[in-house]
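Structure record follows, encoded as structure tokens.
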Amino acid sequence: MSLDDAQFVNGNSQQQSVGSVDLGSKRVSHGSRGGGADSEGFSMSMSHRDINDEDSRLIYVNDALKTNERFEFAGNSIRTAKYSIFSFLPRNLFEQFHRVAYIYFLIIAILNQLPQLAVFGRGASILPLSIVLLVTAIKDAYEDWRRHRSDRIENNRMVSVLINDRFQLKKWKDIQVGEVVKFSADDTIPCDIVLLSTSDPTGVAYIQTINLDGESNLKTRYAKQETLSRVPEKDRINGLIKCEKPNRNIYGFMANMEVDGKHLSLGPSNIVLRGCVLKNTNWAVGVAVYAGSETKAMLNSSGSPSKRSRLETRMNREIILLSVFLVALCAVVSVCAGVWLIRNEDDLEIMQFYRKKDYSKLPVENYNYSGVAMEIFFTFLMSVIVFQIMIPISLYISMELVRVGQAYFMIRDDKMYDESSNSRFQCRALNINEDLGQIKYIFSDKTGTLTENKMEFKYASIFGVDYSGEKINIDDEHRGYSIQVNGQVWRPKMKVVVDKELLQLSQNGKNTEAGKKIFDFFLALAACNTIVPIVVDTSDPAEKLVDYQGESPDEQALVYAAAAYGFMLMERTSGHIVIDIQGERTRFNVLGMHEFDSDRKRMSVILGFPDGTIKVIVKGADTSMFNIIDKSVNLDIINATKSHLYSYSSIGLRTLVVGMRELGVTEFNQWQSSYETASTAVMGRVALLRKVAINLEKNIEIVGASAIEDKLQKGVPEAIESLRKADMKVWVLTGDKQETAISIGYSSKLLTSNMTQVVINSNSKMSSRQNLEDALNTYGGPESNESSLALIIDGTSLVYILDSELEEQLFQLASNCAAVLCCRVAPLQKAGIVALIKNRTDDMTLAIGDGANDVSMIQMADVGIGISGQEGRQAVMASDFAMGQFRFLVPLLLVHGHWNYQRMGYMILYNFYRNAVFVFILFWYVLFTGFTLTTAITEWSSVLYSVLYTSAPTVIIAVLDKDLSRRSLMTYPQLYGAGQRNESYNAKLFWLTIADTLWQSIVVFYVPLFAYWRSDIDGSSLGDLWTLAVVFLVNIHLAMDVFRWTWISHASIWGSIIATCVCVIIIDAIPVLPGYWAIFDLASKKSFWICLLGIQIAGVIPRFVIKMFIQHCKPSDIQIAREAEKYGNVMELSGQEIEMNPQRR
Amino acid sequence: MEVSTTNNANGASTKSKPHHSRFTQQELPAWKPILTPGWVITSFLAIAFLFIPIGLISLFASERVVEIVYRYDQECIPEMYCDNVTGYIQSSHTNKTCIKNVTVPKKMIAPIFVYYQLDNFYQNHRRYVKSRSDKQLRSASGEFSTKGCEPEAKLGGAPIVPCGLIAWSLFNDTYSLSIEGKVIDINKKGIAWKSDTNVKFGSNVYPKNFQAGDLIGGGKLNESLPLNEQEDLIVWMRTAALPTFRKLYGKINSNLEAQDVIKVVLENNYNTYSFGGQKKLVISTTSWIGGKNDFLGIAYLTVGGICLFMALNFILLYVFKPRPLGDPSYLSWNRNSSRQ
């Protein structure tokens, strides 16, 4: 794993990678405090805090009883399922009613049960709620059943556990903390286990953590020297482990072990975690420390963060408006009802249709009448019940269904399937699909996002000599470097392009001064790392491949390079390494290693040479290395190296500096004793070790520098160009050096040669302010041409700018720039930059990254996208969407984002319309019933209206309809602007829709009213006419707006019309309902058919006229593109478009 | 909820490449209609040419309907009771008979329908419309299901059949017509829907305890006739949709000549005075469109006319301000650049 903020071959990056951003926990501050050093210091304290007694757990090795005596630790049975058979109903209901919408439903249903307010029958009032609850419950139950099944499979897997001094098979779920567990090669590890011994005599175990963090390369874990020779069956181990409380940091572990009176310290390299797989090791034995739900894997399997989409936020505003309408309607009805009652108060007793008093009982009492005031109040509540669907509850459910459908299509899009990593697109958050269509700012990480994070050794500068000359591919001359081992040929798995001159020098020039330096250089590359060589069989039995497994791609590249030049690492254990140097096998003792940390930004090993000399080899980032290099000698070489480094990084290469120093015996002894004290220290071990390392790493003699290329991913320049054409601003935030960042900027077409670069590099607040003001004065004017300005700013300057009053100036400057490049930024600063934009504009932000250092920015942005690539899975875990390649951003945003947004926007408006038109029809009728909330439409039809009559087409059209084809959207990225300009959903459209709704409701209601005024029509017949008319009308309205008619759209729209007719017929065929046979009587009248036809036409005409008028006189881009799709020539269009595109000039 | 391809437990490298189909790629064959000027004009013209004739025919049919509407509620109050209308109508001793004459304006061809029309009578009032028991009406076994019928559900514990306010308020004015002493026969059979007499109202349900309470709401029923033969009740129980409504009283199967003077003998029993209602006698022929109502004809003519007008407008628009379909120079980013 390589983190680009260090840009360093980091020996043990585990501690640093999660440190800055603890996975899942929301420790992202708005803006960045302090910058790099602070956040890292903070991280160190998090992952390497020392154990206090109160937050530690004690584990007695091989004594589960005693371990669990005082505190009951979690058993190893896991439970990802939420419900059991008994708890399902109450818990599921409880969870469902967490949604406000359902509570509204419930309150309405309960109100309706009061006899005073019983508008609908009991069945009809509960039906919609119960349908919704049932559908959701079935969905939840199915998901939970699948979880139950996988839990059962997991829990019942078998593993060997030491019971009564014999290893016996035991189910996973029965493992207890403190038990000794044995597992073999390719076994999945059942819980978090501290290694005691392995089949390897040095106690090494290799594990694959793909299930945990997605990294496929092997990692090494070690059993402690003191325990690895013990055979648990015979030689009972009695020890005590004191370790941290369970936490979710998968890269940190802190513990002490007491065995036979000795205190040992345990770290992350001594623990294997649940879900990992043992590889290349025959067996391993360990003691369970965390089990079941307390394992790090389970603690990390939390859900994705929940965000709310912009469209939904806007929609909620309109829903509040709709509730105001609702209250207004109810108020009108109740006031009118009150006036009516007061005016007729004297007659209420005798009025045949009111009959206030009940004479059947004595004394005579009012029947169902509690005075005018109460009647007004009841009328108000009843009208809320009758008009309840004004608030489109079904909309929330429809939206969820639509998003699931959209996610289905996004996941299944083969344009977003990554062949190389075999990964599909993933939708982790299901509620922000439509945000993808409104993005304005893209914040991208560089390494692993724009680039492949597959490193390739390019150039070397050795002792002031630059070897970047003629390259040969090894295949041309011979088959690369190989060695003979026991009659077999071993060769490195990856071939490296080598420099001819350097190759010759390294092979032949041993005795020259340059040759010695080359020897040192490649020895350093081969030795100073944590790479493990794994020998892999090939089809040819006489030939084996050496696969270098390690956590850092940079290190892998360097070791392969060393092997190609004849320094082949063959074996690594914790105590020694074997390197084949030009055919001569040499064994070096590894006397100590100071692993990488992001504070020092370097690592070192202490090697004992065969001739008895001891050297310390240091490798690290140039800034950190030049601080410790002895400048009293070889100053010209240091300067030459510096200039080489500059030229390497300016063509986008990642550079590292190597140095070494011979240690005298006394110095070595001194170091060794302090190293041992430090590494067994109970308190402050990390700080002590770092101090030891810093003491050792000084006065280093320079050896050389290496340059590694990180290749751009396929299609990145084209993708960036498309995104820029779509009027999105692409900002690159990287931990790389400025020169590297700029060169990547050029190769990815983020920067072009005709851009003016505004560079801000400051070391203080004053100079930052000065820089910003200068830049603003020069380029900040509104007249400046936006497309020709690029801002390059580094992390140090950001330290002074973010979270201060300078933010505003930076924002102004940045918003004038076409490209922004931030280099040397710390993870939290990335989030700070996103917040800078997010807090100041209404524009949507998207962050894309692949590493742990991007997590904060992914969580901060409106939309977070994780690249499931080389680095771990933290970015994916924190993201809303995950995909394999940067270039998939183009189809994701331009195609799916556009569709999602357009579909969702239309669906929301349509839902408002569809429900409101029905409510208005009910309302108009109430005006003709003495304001008593009678509905002519049967209660079943009113209930089924939004559930059945009109629901399916809404959802289906919102999942399937496409306003434009994928090809048009990809050819003209500018069409994306529709989402950025809120064209599918805005206040104007809302009010237009409401006006249209009013008109249509008036047509539907008043045409039959006037046609049947003073006739002998009965309520049920007129109700049926209104039902059919409104259902036909809303479906025809939808049909008018459908862009693409597939057979599914036909089936859903015409199908729901037919379904409505069938339902109405069924309802009218029930003899105990008052409306029995009404529809048949009605349909035999010609006036019915004339009304129906007239309503449809008169209802849609205004909409049709306005639509056609706008389409002709003020066509939207989408309209033009649709016409071009059908009638125009797409190729001709694209030619013209490039020519006329202002940005390209 | 997470929708993703979940790796199985041992991270097996099964190919997760999505199965390619036109459906999953959203490329199903589709009809992509675009409303071109031709289509717009054609559809407006088509609607106009469909709607204008229908409107004319409807208007014509409505014009041919001959209708006599005679309001009698005020005129049938004897002058002495002018100040005490309610007392007059509620008393069982006053003489309610009232004789009036109406003239036939045009020749009326059989079948001629006799309706009564009530104005301002909320048969759709929520208290009223629910106050019935369809179960009870349907069969004798449902006699005791009087739920919802309050306050006309029971009389001293015994169920009222038919219960509820609707039945209780049965309209009970009667009309008999004659021309020059010759009685015009009003056929009161077959005025209810067949479905109601056959299915909805039971042949074994007889009125019980009906209109026996203190407050009389309207007409009484013949206790020896089953409900499915009480067609006045059946018609009344089909509650009207609107506060102004007509209900069929009977049919006349002979023609009436123009200028015939019909002598109407009314029994003015029904109380509409307490809530300012009106009572009217309606004698009317029908056409295929129903009774006399010009609304549909006028509405169709209006819509047809508007469509014709819109068609002309759009023709002018397309002629004077044409826009080539799919012309990229209309794209917003191209328009902006040409302006610069």
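Every residue, every condition in (1) under 29 Å from A:Ala1069 (Cα atoms); (2) facing chain A (nearest Cβ under 9 Å), yes or no:
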position	(1), (2)
B:Lys200	yes, yes
B:Pro207	yes, no
B:Leu227	yes, no
B:Leu242	yes, yes
B:Phe245	yes, yes
B:Asn253	no, no
B:Lys263	no, no
B:Tyr270	no, yes
B:Val282	no, yes
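Checking B:Val161 against (1) within 11 Å of another protein chain (Cβ to nearest Cβ); (2) within 18 Å of B:Leu225 (Cα to Cα), which test does it fail?
Status for B:Val161: all satisfied but (1).
Which residues, counting only those in the stretch A:1093-1103, are more than 7 Å from every other protein chain (Cβ to nearest Cβ) and buried (at least 20 other Cβ atoms within 10 Å of the Cβ)?
Matches in the stretch A:1093-1103: A:Ile1095, A:Gly1099, A:Val1100.
Based on this model, can you work out whether A:Arg355 counts as surrounded by 15 or more Cβ atoms within 10 Å (Cβ to Cβ), on the phi > 0 side of the Ramachandran plot and of a type in the set (Lys, Arg)? First the steps, then the outcome.
Numbers: surrounded by 15 or more Cβ atoms within 10 Å (Cβ to Cβ): yes; on the phi > 0 side of the Ramachandran plot: yes; of a type in the set (Lys, Arg): yes.
Spelling it out, A:Arg355 is indeed surrounded by 15 or more Cβ atoms within 10 Å (Cβ to Cβ), on the phi > 0 side of the Ramachandran plot and of a type in the set (Lys, Arg).
Can you tell me which of A:Asn422, A:Asn431 is at pLDDT below 85 and at positive phi? Reasoning before the result, please.
Details: A:Asn431 fails: at positive phi.
Just a single option satisfies the conditions, and that option is A:Asn422.
Scan the stretch A:1074-1090 residue by residue and report those that are of a type outside the set (Phe, Trp, Tyr), more than 7 Å from every other protein chain (Cβ to nearest Cβ) and out of contact with any Gly (no Cβ under 8 Å at 6 or more places or on another chain). Working first, answer last.
Looking only at the stretch A:1074-1090, we keep the residues that are of a type outside the set (Phe, Trp, Tyr), and these are A:1074-1075, A:1078-1079, A:1081-1087, A:1090.
Within this subset, residues satisfying the condition of being more than 7 Å from every other protein chain (Cβ to nearest Cβ) are A:1075, A:1078-1079, A:1082-1084.
A:Ile1079, A:Leu1082, A:Ala1083, A:Ser1084 - these are the residues of the stretch A:1074-1090 that are of a type outside the set (Phe, Trp, Tyr), more than 7 Å from every other protein chain (Cβ to nearest Cβ) and out of contact with any Gly (no Cβ under 8 Å at 6 or more places or on another chain).
Cβ-Cβ below 8 Å, separation at least six or inter-chain, first residue in the stretch B:277-305 and in contact (Cβ under 8 Å) with a residue 60 or more places away in the chain and farther than 30 Å from A:Asn344 by Cβ, second of a type in the set (Lys, Arg) and buried (at least 19 other Cβ atoms within 10 Å of the Cβ): which pairs?
Here the result reads B:Ser284/B:Lys292, each pair linking the stretch B:277-305 to a residue that is of a type in the set (Lys, Arg) and buried (at least 19 other Cβ atoms within 10 Å of the Cβ).
What about A:Leu969, is it in contact with a helix residue (DSSP H, G or I) (Cβ under 9 Å, 6 or more places away or on another chain), away from chain B (no Cβ under 11 Å), closer than 27 Å to A:Lys440 by Cα and part of a helix (DSSP H, G or I)?
Numbers: in contact with a helix residue (DSSP H, G or I) (Cβ under 9 Å, 6 or more places away or on another chain): yes; away from chain B (no Cβ under 11 Å): yes; closer than 27 Å to A:Lys440 by Cα: yes; part of a helix (DSSP H, G or I): yes.
Judged against the criteria, A:Leu969 is a match.
Can you name the residue in the stretch A:379-401 that is buried (at least 23 other Cβ atoms within 10 Å of the Cβ), within 14 Å of another protein chain (Cβ to nearest Cβ) and among the β-branched types (Val, Ile, Thr) and, of all such residues, is nearest to A:Thr950 (Cα to Cα)?
Here the residue is A:Val386.
Step by step: first the residues of the stretch A:403-436, then only those that are buried (at least 24 other Cβ atoms within 10 Å of the Cβ), in a helix (DSSP H, G or I) and hydrophobic (A, V, I, L, M, F, W, C), then the one that is farthest from the other protein chains (Cβ to nearest Cβ). Which residue is that?
Residue satisfying both the conditions and the ranking: A:Leu436.
Check the stretch A:691-705 and report whether any residue there is within 30 Å of A:Gly977 (Cα to Cα), more than 24 Å from the chain's Cα centre (by Cα) and touching a residue at least 40 places away in the same chain (Cβ under 8 Å). Quick ask: steps written out before the conclusion?
Just the residues of the stretch A:691-705 that are within 30 Å of A:Gly977 (Cα to Cα), to begin with: none.
No: the stretch A:691-705 contains no residue that is within 30 Å of A:Gly977 (Cα to Cα), more than 24 Å from the chain's Cα centre (by Cα) and touching a residue at least 40 places away in the same chain (Cβ under 8 Å).
Only residues in the stretch A:329-341 that are under 14 Å from B:Arg126 (Cβ atoms) count as the first member; pair them with residues that are small (Gly, Ala, Ser) and surrounded by 18 or more Cβ atoms within 10 Å (Cβ to Cβ), Cβ under 8 angstrom, at least 6 apart or cross-chain, and list the lot.
A:Val333/A:Ser383; A:Ser334/A:Ser383; A:Ala337/A:Gly930; A:Trp340/A:Gly930
Quick check on B:Arg335: is it more than 9 Å from chain A (Cβ to nearest Cβ), more than 30 Å from A:Trp1089 (Cα to Cα) and not hydrophobic (A, V, I, L, M, F, W, C)? Talk me through it step by step, then tell me what you get.
Numbers: more than 9 Å from chain A (Cβ to nearest Cβ): yes; more than 30 Å from A:Trp1089 (Cα to Cα): yes; not hydrophobic (A, V, I, L, M, F, W, C): yes.
Considered against the rule, which asks whether it is more than 9 Å from chain A (Cβ to nearest Cβ), more than 30 Å from A:Trp1089 (Cα to Cα) and not hydrophobic (A, V, I, L, M, F, W, C), B:Arg335 comes out as yes.
Matching residues to (1) under 30 Å from A:Glu808 (Cβ atoms); (2) within 14 Å of chain B (Cβ to nearest Cβ); (3) among the β-branched types (Val, Ile, Thr); (4) part of a helix (DSSP H, G or I):
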site: A:Asn853; (1), (2), (3), (4): yes, no, no, yes
site: A:His898; (1), (2), (3), (4): no, yes, no, yes
site: A:Leu909; (1), (2), (3), (4): no, no, no, yes
site: A:Trp924; (1), (2), (3), (4): no, yes, no, yes
site: A:Ala936; (1), (2), (3), (4): no, yes, no, no
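Is there any pair with a first residue in the stretch B:84-99 that is over 13 Å from B:Thr272 (Cβ atoms) and a second that is modelled with pLDDT of 85 or more and basic (Lys, Arg) whose Cβ atoms are under 7 Å apart and which are 6 or more apart or on different chains, and what are they?
B:Ile99/B:Lys263
Out of A:Lys517, A:Lys544, I need the residue that is assigned to a helix (DSSP H, G or I) and among the basic types (Lys, Arg). Which one? Write out each step before concluding.
Working: A:Lys544 fails: assigned to a helix (DSSP H, G or I).
On inspection, the qualifying residue turns out to be A:Lys517.
Results for (1) modelled with pLDDT under 95; (2) surrounded by 15 or more Cβ atoms within 10 Å (Cβ to Cβ); (3) acidic (Asp, Glu), shown as yes or no for each residue.
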position	(1), (2), (3)
B:Asn269	yes, yes, no
B:Ser274	yes, yes, no
B:Gly290	yes, yes, no
B:Ala299	no, yes, no
B:Ile306	no, yes, no
B:Ala311	no, yes, no
B:Arg323	yes, yes, no
B:Asp327	yes, yes, yes
B:Arg339	yes, no, no
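Can you name every residue in the stretch A:708-738 that is part of a loop (DSSP other than H, G, I, E, B) and closer than 24 Å to A:Tyr648 by Cα?
Looking only at the stretch A:708-738, we keep the residues that are part of a loop (DSSP other than H, G, I, E, B), and these are A:713-715, A:726-728, A:734-737.
If the condition is that a residue be part of a loop (DSSP other than H, G, I, E, B) and closer than 24 Å to A:Tyr648 by Cα, then A:Gln713, A:Lys714, A:Gly715, A:Thr734, A:Gly735, A:Asp736, A:Lys737 are the ones that fit.
Within the stretch B:217-243, which residues are free of Cβ contacts under 8 Å to residues at least 60 places away in the same chain, crowded, with 16+ Cβ neighbours inside 10 Å and under 13 Å from B:Leu170 (Cα atoms)?
Residues satisfying the conditions are B:Gly218, B:Gly219, B:Leu221, B:Gln230, B:Glu231, B:Ile234, B:Val235, B:Arg238.
Given the structure, is A:Val947 crowded, with 23+ Cβ neighbours inside 10 Å and out of contact with any strand residue (DSSP E or B) (no Cβ under 8 Å at 6 or more places or on another chain)?
Spelling it out, it is not the case that A:Val947 is crowded, with 23+ Cβ neighbours inside 10 Å and out of contact with any strand residue (DSSP E or B) (no Cβ under 8 Å at 6 or more places or on another chain).
So A:Gly1135 fits all but one of (1) surrounded by fewer than 14 Cβ atoms within 10 Å (Cβ to Cβ); (2) at pLDDT 95 or above; what number is the exception?
(2)
Given the options A:Ile319, A:Ile350, name the one that is buried (at least 16 other Cβ atoms within 10 Å of the Cβ), more than 13 Å from every other protein chain (Cβ to nearest Cβ) and of a type in the set (Val, Ile, Thr). It would help to see each step written out before you state the result.
Values: A:Ile350 fails: more than 13 Å from every other protein chain (Cβ to nearest Cβ).
Just one listed residue meets the conditions, A:Ile319.
Based on what the data block shows, is A:Leu1028 surrounded by 20 or more Cβ atoms within 10 Å (Cβ to Cβ), within 11 Å of another protein chain (Cβ to nearest Cβ) and over 27 Å from A:Ser968 (Cα atoms)? Spell out the reasoning first.
Values: surrounded by 20 or more Cβ atoms within 10 Å (Cβ to Cβ): yes; within 11 Å of another protein chain (Cβ to nearest Cβ): no; over 27 Å from A:Ser968 (Cα atoms): yes.
So A:Leu1028 fails the test.
Listed here are the residues, each with its yes/no results for (1) in a loop (DSSP other than H, G, I, E, B); (2) in contact with an Asp or Glu (Cβ under 6 Å, 6 or more places away or on another chain); (3) among the small types (Gly, Ala, Ser).
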| position | (1), (2), (3) |
| --- | --- |
| A:Phe1043 | yes, yes, no |
| A:His1050 | no, no, no |
| A:Trp1054 | no, no, no |
| A:Ala1059 | no, no, yes |
| A:Ile1065 | no, no, no |
| A:Ile1070 | yes, no, no |
| A:Leu1073 | yes, no, no |
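Please give the number of the condition B:Pro78 fails out of (1) in contact with a Phe, Trp or Tyr (Cβ under 9 Å, 6 or more places away or on another chain); (2) within 14 Å of chain A (Cβ to nearest Cβ).
For B:Pro78, the failing item is (2).
The values are calculated or read from the model by the stated rules, or taken from the named source; none is laboratory data. Computed from a predicted model, the values in this text were never measured in an experiment. Ideal geometry is used to build each Cβ from the backbone, glycine not excepted, and the neighbour counts take in all protein chains shown.
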